[in-house]
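In what follows, a structure is listed as structure tokens, so that the remarks can point back to it.
Nothing in this text is a laboratory measurement; each read-out follows from the coordinates by a stated rule. Just so it is clear, the model here is predicted, and its values are computed rather than measured. FYI the Cβ positions are ideal-geometry reconstructions off the backbone, even for glycines, and counts take in every protein chain you see.
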């Protein structure tokens, strides 16, 4: 190493002089740290809870699609049954006979079924889906925040370990500035900051949906 200390009082020491290899090594260490964070108990629990909430939301969406299809079928059957019933009533009246309402029970049953299905769809759309969406967003926000905290903890541990290893040099020079932002710790903290920002935005979206839901149901 050759340098003029009078002209260059600030030095930069790197583990690998090859910038490409240095970047690859940094990325590898960052990815290893992220994998470690994903295995922490808090993160595992938060991710599992988010997945459960997403699955519940997905099942409700599927249920709404299935019931909507059933409602269309029942409406078509009810319309056909109504036409048949009217024709029967007219024919009975023309023949001077008393209408046999027992034959109309099939139509009544179809209309009753259609009413129940319609109310079930309304329940899903007006209540269950919004609440499930809110829960899924809350779960996603919590998972992101848990990941951020785990990454911050790993970054802090790495920084403390690096500083501990540099104590001898600090003893020799009295003051030794260290820019951790360019290393693994800095990369992890940047990722944690991005996750926190995302978590806050997702939580705000959940708040907005919940506010709208509560306003609708106050009426």
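Kindly list, by first and then second residue, each pair from a residue in the range 138-165 that is over 30 Å from residue 204 (Cα atoms) to a residue that is assigned to a helix (DSSP H, G or I), limited to pairs with Cβ atoms under 6 Å and residues at least 6 apart or on different chains.
158/184; 158/185; 159/180; 159/185
Kindly indicate whether any position in the range 81-94 is surrounded by 14 or more Cβ atoms within 10 Å (Cβ to Cβ) and either within 29 Å of the chain's Cα centre (by Cα) or outside any helix (DSSP H, G or I) (or both).
no
Looking at the range 61-68, is at least one residue surrounded by 13 or more Cβ atoms within 10 Å (Cβ to Cβ), touching a residue at least 60 places away in the same chain (Cβ under 8 Å) and within 30 Å of residue 149 (Cβ to Cβ)?
no
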